[in-house]
Amino acid sequence: MRVGHSAIVLLIAVVVPSASQTSSHLEAEHLEYDCREVAAQTSEYLSGHGIFVQGSQDLRILGFDYEPSTPGKSARQRKKWTDAHGNEINDSKVYWTYADRKTGHRLAPGIWRLRLAHYQPKGKIKLLSAGGGCSVEFDLFFETWGANMIGILGVDSQWDYHSNGVMEREYLKGISGVLTERKTVTPEPEQRP
C-alpha cells in the first residue's frame with residue numbers, strides 16, 4: 001500500500017505544471033519615434049524574422065509565425081525563425097545562446113524530460129508614449145512540450161525558459177536601425193515661407 005501511495009505522489013509531482021522560479025528578463029529602450037511608427041515597424045520587422053505580432057498598439061503579444069489550417073482554408077506559409085542577423089534559430093541555439101537556463105521548473109531526482117517539440121518564442125512588447133518618443137518594453141520566453149519521464153513511463157508536460165535578454169537586445173537594435181534608415185530615406189516635406 002505504501003509503494004502505491006508513493007508512486008501516486010511522485011506522479012503528481014511530475015504532472016504539476018512548470019512554473020518559472022525567477023522573473024523574466026525585460027529589455028527596455030526609448031526610441032525617438034512616434035509609437036504608431038514603432039508599432040508598425042516592429043510588426044513588420046518581427047514577422048520578417050518568423051514571429052507574429054498581434055494585439056493593440058500599446059501591448060503586442062508575440063508568438064511563432066504559424067497559423068493552423070482550418071477546414072476550407074490553407075495554412076499560411078510558415079516563415080523560418082531567424083535572429084536579428086537572418087540566421088535560422090534552432091533548438092540548440094535557443095537553449096545555449098538565448099535562454100536563461102536557470103529559470104524554469106526543476107525536476108525531482110530520477111525524472112528527466114523528453115522534448116517532443118521545437119522551442120517557440122512567446123512574449124510581449126509594450127509601447128508607451130513618453131518624452132516625445134516611444135518607450136519599448138520587450139520580454140520573451142521560449143516554450144516547448146514533451147514528457148516528464150520516470151524510467152519508461154512518460155507524463156505529458158510543457159515547460160519554458162525565460163530569455164537572457166540577448167535576443168530582445170538584438171531585435172530592438174534591428175528595429176531601431178530600420179526606423180533610422182527609413183527616417184533618412186524619407187525626407188521631411190519642405191516648408192514654404
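The values are calculated or read from the model by the stated rules, or taken from the named source; none is laboratory data. Note that the structure is predicted; figures quoted are calculated from it, not measured. Here the Cβ is made from the backbone with ideal geometry for all residues, glycine too, and neighbour counts use every protein chain on show. Surface areas here come from the heavy atoms of the whole protein model, side chains and all, with no ligands, DNA or RNA. Shrake-Rupley method; radii C 1.70, N 1.55, O 1.52, S 1.80 Å.
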Q: Restrict the check to the range 96-104 and report whether at least one residue is assigned to a helix (DSSP H, G or I), open to solvent by less than 10 Å² (accessible area, probe 1.4 Å), out of contact with any Pro (no Cβ under 8 Å at 6 or more places or on another chain) and not small (Gly, Ala, Ser).
A: yes
Q: Return only the number of the condition from (1) open to solvent by 80 Å² or more (accessible area, probe 1.4 Å); (2) out of contact with any Lys or Arg (no Cβ under 9 Å at 6 or more places or on another chain); (3) closer than 30 Å to residue 169 by Cβ that residue 126 does not satisfy.
A: (2)
**Q.** Selection from the range 147-177 of residues that are in a strand (DSSP E or B), small (Gly, Ala, Ser) and surrounded by fewer than 18 Cβ atoms within 10 Å (Cβ to Cβ)
**A.** 147, 154
Q) Given 180, 144, which one is in contact with an Asp or Glu (Cβ under 8 Å, 6 or more places away or on another chain), of a type in the set (Ser, Thr, Tyr), at pLDDT below 95 and surrounded by fewer than 21 Cβ atoms within 10 Å (Cβ to Cβ)? A) 144
Q | Of the criteria (1) touching a helix residue (DSSP H, G or I) at 6+ places or on another chain (Cβ under 7 Å); (2) modelled with pLDDT of 60 or more; (3) open to solvent by 40 Å² or more (accessible area, probe 1.4 Å); (4) part of a loop (DSSP other than H, G, I, E, B), which one residue 57 fails | A | (2)
Q: Restricting attention to the range 107-156, report how many residues are under 22 Å from residue 80 (Cβ atoms) and among the aliphatic types (A, V, I, L, M).
A: 4
